[in-house]
Every structure is written in C-alpha cells, then in structure tokens.
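Asks: For reference, the structure I am asking about is given below.
The values are calculated or read from the model by the stated rules, or taken from the named source; none is laboratory data. Keep in mind the model is a prediction, meaning the values are calculated, not measured. Cβ: placed from backbone, ideal geometry, glycine included. Neighbour counts: every protein chain shown.
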C-alpha cells in the first residue's frame, strides 16, 4: 500500500478527480479549436465564414453543340460542391461563385492502325471557368479545364456519347472543385 493511500486516502480520490477534470477541460478546448478551423474529409479547405455557392448555367459555345451538355455539366458541378462541402447552393450572389462556358466539344482519332484507320476515337470537352470568392478575392481565378474519354472507333459516337459525357463531366467537376477549394 502506498504511503499516500495509507495516510491521505482523500488525496487519492481528489487526484483522480483532478485528472478527470483536466482531461475534460482539454477535450473542450480541443473541440473549441476544431470549430474555429475549416476541415473536410474531401480535402476541401473552405473558411467557416463561407456559407454559400452559386453556379451559373454554363452555355455551350463550342462549334459542335450537344443539346444536354450544358445542363448536365452545370448539374455535375453543383452536385460536386453540395455533396463534398457544407455549402448551400443559391441561385446567385453566393459567397463563392462559378460561371463560365463550354468552349470545346470535339471528337478525333487517336490510335491509327497499320491500315491507316482509327482504332480509337477521343471525345474531348473543354470549359472555361471563372471562380470568385467574395470573402477572399486572392482565390479568384479564370482557367480552362479539359477532359477526354476514348472509345472504340467501331462504335458510333451516338452509342456511347451519354455515358462518356457523364464520365467527363464528373472529372471536370472534380477538377473545378479541386482548383476552387482544395488548396493542393
């Protein structure tokens, strides 16, 4: 038996309480500090002061116009920001704002066989994006983003177009999200 326990049993219980209270105080301070920080499991670094985002409709200004592309790309970007952040989507004047236009929608051969025919075709989408942050204008940018998907040239574009557009839009939305709020 320890000397402290033998002569001062009250101190043992008192020291246990001090340890528990100290740990609770540290936990409260740690939670308070985390509340002041911005963090996310998606890697986003968004200030707690930023509450909303607006994503304007992206018109298709490319030479080849695919009828559903503007709507689908705009929705993909909106979905990316609302699903991977706590931002509220607003119609206009968000703390963060994305606008732009589709500037390219092209197909081209990429793998030429020995018989001078294309084994693969490439669908490429290019979009110009203007991002503004009302609370931190140093983060504003205007950038062109491009993504592509290859497909077998034995298939017609109309057979694979919708699925390729969905894949490319997801990649473009992720690129725009990363550039806007993931400071890597």
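Asks: Could you figure out which of (1) touching a strand residue (DSSP E or B) at 6+ places or on another chain (Cβ under 7 Å); (2) at pLDDT 95 or above; (3) part of a loop (DSSP other than H, G, I, E, B) isn't true of residue 57?
Replies: (1)
Asks: Now a separate question. Kindly indicate whether residue 154 is in a loop (DSSP other than H, G, I, E, B), farther than 25 Å from residue 65 by Cβ and under 22 Å from the mean Cα position of the chain (by Cα).
Replies: So residue 154 does not fit the description; no.
Asks: Count, please, the residues in region 159-184 that happen to be at pLDDT below 95 and surrounded by fewer than 13 Cβ atoms within 10 Å (Cβ to Cβ).
Replies: The number of residues fulfilling the criteria is 2.
Asks: Then there's this: Could you tell me which residue of region 80-92 is surrounded by the most Cβ atoms within 10 Å (Cβ to Cβ), considering only residues that are touching a strand residue (DSSP E or B) at 6+ places or on another chain (Cβ under 9 Å) and touching a residue at least 40 places away in the same chain (Cβ under 8 Å)?
Replies: Top of the filtered list is 81.
Asks: Just to be sure, is residue 77 in contact with a helix residue (DSSP H, G or I) (Cβ under 7 Å, 6 or more places away or on another chain) and over 24 Å from residue 49 (Cβ atoms)?
Replies: no
Asks: Right, here's the next one. For residues in region 94-133 being in contact (Cβ under 8 Å) with a residue 40 or more places away in the chain and in a loop (DSSP other than H, G, I, E, B), which is surrounded by the fewest Cβ atoms within 10 Å (Cβ to Cβ)?
Replies: 95
Asks: As an exercise: evaluate residue 156 against (1) farther than 23 Å from residue 54 by Cα; (2) touching a strand residue (DSSP E or B) at 6+ places or on another chain (Cβ under 9 Å); (3) free of Cβ contacts under 8 Å to residues at least 40 places away in the same chain and give the number of the one condition it does not meet.
Replies: (2)
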